[in-house]
Amino acid sequence: MSGQRPRRGGTPGADGGRRREDHREDRRDATGRQRNRGGPDGSRPRSRSAQAPSGRRRKADPARLVAFRVLRAVSRDDAYANLTLPGEIRRARLDRRDAGFATELAYGALRAQGTYDAIIAACVDRPLDALDAPVLDALRLGAHQLLGMRVDPHAAVSETVALVRAEIGAGPGGFVNAVLRRLSAEDRETWMTRLAEEKSLEPGSDEDLGLRHAHPSWVVRAMKQALRLDGRSGELEAALAADNAAPVVHLVDLPAAGEPRLAGALAAGAEPSDLLEGAAVFRGGDVGRLPGVREGELRVQDIGSQWIARAVAGSFTPETVDPDVAGEHWLDLCAGPGGKAALLAALAAEQDAALVANEPSAHRAELVRQALAPIRTDAWTVREGDGRTIGEDPAVADLVSTHGGFDRILVDAPCTGLGALRRRPEARWRRRPADLAELTVLQEELLDAAADVLAPGGLLAYVTCSPHVAETVVQVEDLLRRRPDLRLLDAHDAMTAVSSPQGAELLRSGPPREAGGETSTNSRTVQLWPHVHGTDAMFFALLLRPTQSD
Ligand SMILES: C[S@@+](CC[C@H](N)C(=O)[O-])C[C@H]1O[C@@H](n2cnc3c(N)ncnc32)[C@H](O)[C@@H]1O
């Protein structure tokens, strides 16, 4: 590391790293600084920034160390931050406040990684990939404290340097100190303007918006296209900003998994969802303390997922006005880890239908079994296998010959996940446009396999957690071309049928769609958005295989 030098001359830092807005009076509560308890004799603590580097603390602040470990796991092991973070918080025994700080630090640094890397690159004299990876991760954490959180700049620099000294070494500590001081000389907005000028970015261009809202420009382009098709061209910045805000926690009650638990959660501070019955919003912190959560009867689930699962279970075909689904056969073709399958199985149990939850990955199939465990076992089966060959399964072939096939099929397809960027902070930088080619072929094959085992009069729901048109409307149009025996229903109706009045109003309230008329694919499919519906950006299409007499 000794060879790494911050860039000199003309770079920011001449004022010693002070920000215009100084929050030094705040402590960790608001700023992330560890609570300063004063000297052992009760005297006022010595200002750390005034200490000589050799006298500075070498012990890392536990919350920052947790965030650092998460960033290391993501960049070194390709780990998922949302799966790594809880274990690291437990291991460090962080209290609630420190856990919140570690979460905001890790998630914020990962979400804005591309933007912070561009700023860090302007502060060092070599390409970022020439830096040691742990040092770059520490710089990203320092950058987020300085530019994305209300952390006192002195604390941000000195605590990050202490972390580097403790975890990497004294030499890198000096380097990180110098880089962060340069970086802290400007606020985020000034950095944005400066970088946009240096890179000659056209204001409002995909690259400019990508830099300002921390999205790769190909993702900005994809969202722009999806928003335009949805009649929301003017909402791009709102949509990008929503990806950078933490989602609120939604709870789902699993009917038929025992006594309804929502009442207990409501008594403990959750609020009923204004979109959907059987759902609640919880803003009270540790969700594990709510009754029923540890037992698996009350679960955390995005409200969009719940809404769509209920719509799939609750819609009935135009051939019948009888919503009674007793005896129906349902299939969740891509079920892992089992979020929607659990709600579907619970609804199936209530209505005497039976669900097959299919998942090819053994580990994820096990998660599906666990997710379904609280529900009456005669209402569901887990099948472990490739959804593309489901028709070759003897039990399924038998169902097709005796009953015509499944009455309801959900294809919640593997996709780019661009609709869940607020939940998976590293995902936007990990995904590549090239991933689309493989995923869209898989989606197509899964849809064909599902259509082959759909009973006459049956419903096929196609869902993605992505607004990318290649995975959404284009897939549906291609399917309708390949399978003229299918008819596209209006998915708004299916969702409205299970919505609260406010939910129905929200679904209706969208702007007029730009492309096509009332019968066009995009007007009959639902695209949810975080900035509009407070859900992940999920897509939902509902198709019917009419009966022969139809
Ligand atoms: C978007 S996730 C489904 C999420 C799930 N419905 C839920 O609500 O929890 C897609 C799932 O498809 C699975 N998958 C991948 N390839 C598949 C295939 N060939 N057949 C069926 N499922 C597949 C993945 O393992 C993953 O679990």
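Of the residues that make up segment 460-470, is at least one away from the ligand (no atom under 13 Å from the Cβ) and closer than 30 Å to Ala395 by Cβ? Walk me through how you get there before you give the answer.
Here is the first cut: in segment 460-470, the ones away from the ligand (no atom under 13 Å from the Cβ) are 460, 467-470.
Restricting the remaining residues to those that are closer than 30 Å to Ala395 by Cβ gives 460.
Yes - at least one qualifying residue is present in segment 460-470.
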(request) Run down Gly296, Gly264 and say which single residue is within 16 Å of the ligand (Cβ to nearest atom) and at pLDDT below 90. (result) Gly296
(message) Being within 12 Å of the ligand (Cβ to nearest atom), over 24 Å from the mean Cα position of the chain (by Cα), farther than 27 Å from Leu83 by Cα and assigned to a helix (DSSP H, G or I) narrows it down to one residue among Ala494, Ala450; which is it?
(response) Ala450
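Pick from Leu331, Leu355, Leu275, Leu347: which is modelled with pLDDT of 90 or more, surrounded by 16 or more Cβ atoms within 10 Å (Cβ to Cβ) and touching a Gly at 6+ places or on another chain (Cβ under 6 Å)?
Leu275
So is Asp137 closer than 20 Å to Gly210 by Cβ and assigned to a helix (DSSP H, G or I) or not?
Working: closer than 20 Å to Gly210 by Cβ: no; assigned to a helix (DSSP H, G or I): yes.
The answer is no for Asp137.
Somewhere in segment 109-118, is a residue out of contact with any Lys or Arg (no Cβ under 9 Å at 6 or more places or on another chain), assigned by TED's automatic domain parsing to the domain that holds Phe175 and not basic (Lys, Arg)? If you could, list the steps in order and put the result at the bottom.
Taking segment 109-118 first, the residues out of contact with any Lys or Arg (no Cβ under 9 Å at 6 or more places or on another chain) are none.
No, segment 109-118 contains no residue that is out of contact with any Lys or Arg (no Cβ under 9 Å at 6 or more places or on another chain), assigned by TED's automatic domain parsing to the domain that holds Phe175 and not basic (Lys, Arg).
Against the condition closer than 26 Å to Gly534 by Cβ and either among the polar types (S, T, N, Q) or in a helix (DSSP H, G or I) (or both), how does Val476 come out, does it pass?
Values: closer than 26 Å to Gly534 by Cβ: yes; either among the polar types (S, T, N, Q) or in a helix (DSSP H, G or I) (or both): yes.
The answer is yes for Val476.
Restricting to segment 119-133, count the residues that are outside any loop (DSSP other than H, G, I, E, B) and buried (at least 20 other Cβ atoms within 10 Å of the Cβ). So that I can check it myself, show each step before the final result.
Looking only at segment 119-133, we keep the residues that are outside any loop (DSSP other than H, G, I, E, B), and these are 119-121, 124, 128-130, 133.
Narrowing further to those that are buried (at least 20 other Cβ atoms within 10 Å of the Cβ): 119-120, 124.
Residues in segment 119-133 being outside any loop (DSSP other than H, G, I, E, B) and buried (at least 20 other Cβ atoms within 10 Å of the Cβ): 3 in total.
Can you tell me which of Arg69, Arg76 is surrounded by 14 or more Cβ atoms within 10 Å (Cβ to Cβ), part of a helix (DSSP H, G or I), on the phi < 0 side of the Ramachandran plot and of a type in the set (Lys, Arg)? Write out each step before concluding.
Working: Arg76 fails: surrounded by 14 or more Cβ atoms within 10 Å (Cβ to Cβ).
After ruling out the rest, the residue left standing is Arg69.
The values are calculated or read from the model by the stated rules, or taken from the named source; none is laboratory data. Everything numeric in this text was worked out from a predicted model, so none of it was measured. Please note: Cβ atoms are built from the backbone with ideal geometry, for glycine as well, and neighbour counts cover all protein chains shown.
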